[in-house]
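For reference, the structure is listed below as structure tokens.
The values are calculated or read from the model by the stated rules, or taken from the named source; none is laboratory data. This one's a predicted model, so the numbers in the text were calculated from it and none came from an experiment. All Cβ positions, glycine included, derive from the backbone under ideal geometry; neighbour counts span all protein chains shown. In case anyone asks, the SASA skips ligands and DNA or RNA and just uses the protein heavy atoms, side chains included. Shrake-Rupley method; radii C 1.70, N 1.55, O 1.52, S 1.80 Å.
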Amino acid sequence: MEIGNTKINREKVANVIFYMMLLLEIIIVVVDKSDYINPLEGQLFRITFVLAVTKIILTQYSMKEWIWIFLFGVLGFISYKITGRNEILRIVAFVASCKNVELHKMIRFVFYTTLAGCLLLMSLSLAGIYGNLGITTDFGRGVVETRYCIGLGHPNALHCMFFMLAILYFYLYESKMRWYHFAAVLLLNMGLFMLTDSRTGMLITTATILLAAFFHYFPKARKNKWVYIAGILVFLGCLLLSIAASKYGLTNPLLAKLDGFLNGRILDLYWGSVNHEGTMAHWSLFSDAGNNYYFDMGFVRVFYWYGIIPAIVYFTLNIMLIWECYKKRDAMGFVMMVVLAIYTIVEAHIISVYIGRNYILMLLAAYWGDMLIPERRKGDGV
């Protein structure tokens with residue numbers, strides 16, 4: 001009995017530590033979305049890493065799980081030594097620490113804490129206490145105009161966070177929704193567009209609503225493997241398009257024409273920096289410490305920041321994850337993967353130092369064991 005109680009107490013402590021770590025990651029994300037420059041961000045990341053490692057120490061793993069954790073840890077260590085970036089190490093620790101954490105509970109926690117943080121920033125801005133209500137400038141369309149950010153730093157950031165919260169909302173509540181719930185989210189999306197004029201945010205959120213509604217009203221699609229294969233093809237198409245953009249830029253007439261729809265994202269890969277940092281010429285197996293320029297095309301950023309080998313590993317896991325959604329009949333996980341792939345062509349929101357805003361990592365945390373160790377396949381969760 002004493003041994004059993006000790007195990008239960010250890011699991012409770014581990015669970016508390018995990019949610020402390022997750023809460024801190026989300027607070028860091030919310031603060032980043034404000035106008036405040038956080039001088040302690042690096043130190044806070046170290047704290048979340050220590051908390052994740054502590055959770056790992058308190059958790060039991062099989063030998064095969066330890067082998068995978070070690071291998072990914074080696075990848076992260078190599079990346080850190082070469083580039084100075086610790087994101088891969090932090091991601092490995094986060095994903096491993098999610099064992100015994102129920103997926104829906106984790107996503108619910110992230111949804112409500114992120115929503116609360118965004119509403120707090122918006123309230124402070126509306127009250128005139130802190131944060132810009134709007135920004136008046138030329139947003140690249142040749143005219144000076146006012147767009148509203150309501151405390152979230154930039155109009156695109158405001159619509160981006162609405163999009164990300166919509167993904168989590170559908171993941172949690174799609175099965176219980178009625179037509180008027182879908183309509184309400186769509187109306188909120190259109191209303192927000194009138195404030196932000198973020199075409200990318202509006203379009204990708206609309207696509208999310210439609211794709212979620214498709215699975216809701218055509219439930220047989222959840223079991224149709226061709227739907228998930230189509231999703232994998234969409235992901236590969238997004239990846240190949242990004243690679244082509246980095247290699248050929250505007251020298252390719254099709255890419256030059258497409259760049260008009262992408263608001264100059266491809267142009268920025270070449271002309272956005274003196275050394276043309278977004279081009280394939282700056283890619284290497286494990287990147288370089290000098291590769292620290294920011295541009296919007298997220299798939300390209302993975303190759304540029306972390307290198308070809310980490311990029312191959314990451315994108316392979318993404319494809320495996322889409323297929324795992326088919327095996328788990330996780331249609332909303334599939335929706336998340338597809339819309340984020342499309343969004344990552346033009347926005348690098350999830351390709352950043354912030355774990356708390358890359359929701360793909362939460363799916364990966366729940367499914368990696370079954371993906372990489374097939375004999376332990378069972379229900380949801382790690």
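How large is the accessible surface per residue of region 314-382, computed with a 1.4 Å probe and reported in Å² as a whole number?
26
Kirkwood Rh, Cα Rg: Rg to Rh for the chain?
So for the chain, dividing Rg by the Kirkwood Rh gives 0.96.
Per residue, how much accessible area does region 66-204 show when a 1.4 Å probe rolls over the protein heavy atoms, in square angstrom?
Dividing the accessible area of region 66-204 by its residue count gives 48 Å².
Against the longest alpha carbon principal axis of the chain, how many degrees, from 0 to 90 and to the nearest 10, is the axis of helix 199-217 turned?
Between the helix axis and the principal axis of the chain, the angle is about 50 degrees.
Label points 7 Å out from Cα along the Cβ direction at residue 371 and residue 329: separation in nm?
Result for the modelled spin labels: 2.2 nm.
Whole number please: convex hull volume per residue of the Cα set in region 285-324, in Å³?
Convex hull of Cα atoms, per residue: 53 Å³.
With the Cα gyration tensor of region 232-277 in hand, give its eigenvalues times 5 under a square root as the equivalent ellipsoid semi-axes, listed largest first in whole angstrom.
Whole-Å semi-axes of the equivalent ellipsoid: 19, 12, 9.
Counting only heavy atoms of protein chains, what accessible area per residue, in Å², does region 218-290 have with a probe of 1.4 Å?
I get 60 Å² per residue for region 218-290.
How far apart, in nm, are two points set 7 Å out from the Cα along the Cα-to-Cβ line at residue 35 and at residue 102?
Result for the modelled spin labels: 4.2 nm.
Taking H as built 1.01 Å from N, whose amide H comes closer than 5 Å to the amide H of residue 134, not counting residues under 5 places away?
149, 150
Modelling each spin label as a point 7 Å along the Cα-to-Cβ direction, I'd like the residue 9/residue 60 distance in nm, to one decimal.
For residue 9 paired with residue 60, the spin-label model returns 1.7 nm.
So what are the ³J(HN,Hα) numbers for region 42-50, from phi and the Karplus equation (6.51, -1.76, 1.60; θ = phi - 60°), rounded to whole Hz, Gly and Pro as x?
x, 5, 5, 5, 5, 5, 5, 5, 4
Tell me whether region 230-306 comes out rounded, prolate or oblate; compute the Cα gyration tensor, take square roots of the eigenvalues as a ≥ b ≥ c, and use a/c under 1.5 as the rounded threshold.
Verdict is oblate for region 230-306.
Using a Förster radius of 30 Å, what is the FRET efficiency between residue 195 and residue 353 based on their Cβ-Cβ separation? Nearest 0.05, please.
0.60
Once you sort the root eigenvalues of the Cα gyration tensor of region 163-246 as a ≥ b ≥ c, which label holds: rounded (a/c under 1.5), prolate (a/b larger than b/c) or oblate (the other case)?
Here region 163-246 falls in the oblate category.
What's log10 of I(q)/I(0) for region 82-126 at q = 0.18 Å⁻¹, Debye sum over Cα points only, no solvent?
The Cα Debye sum returns log10 ratios of -0.74.
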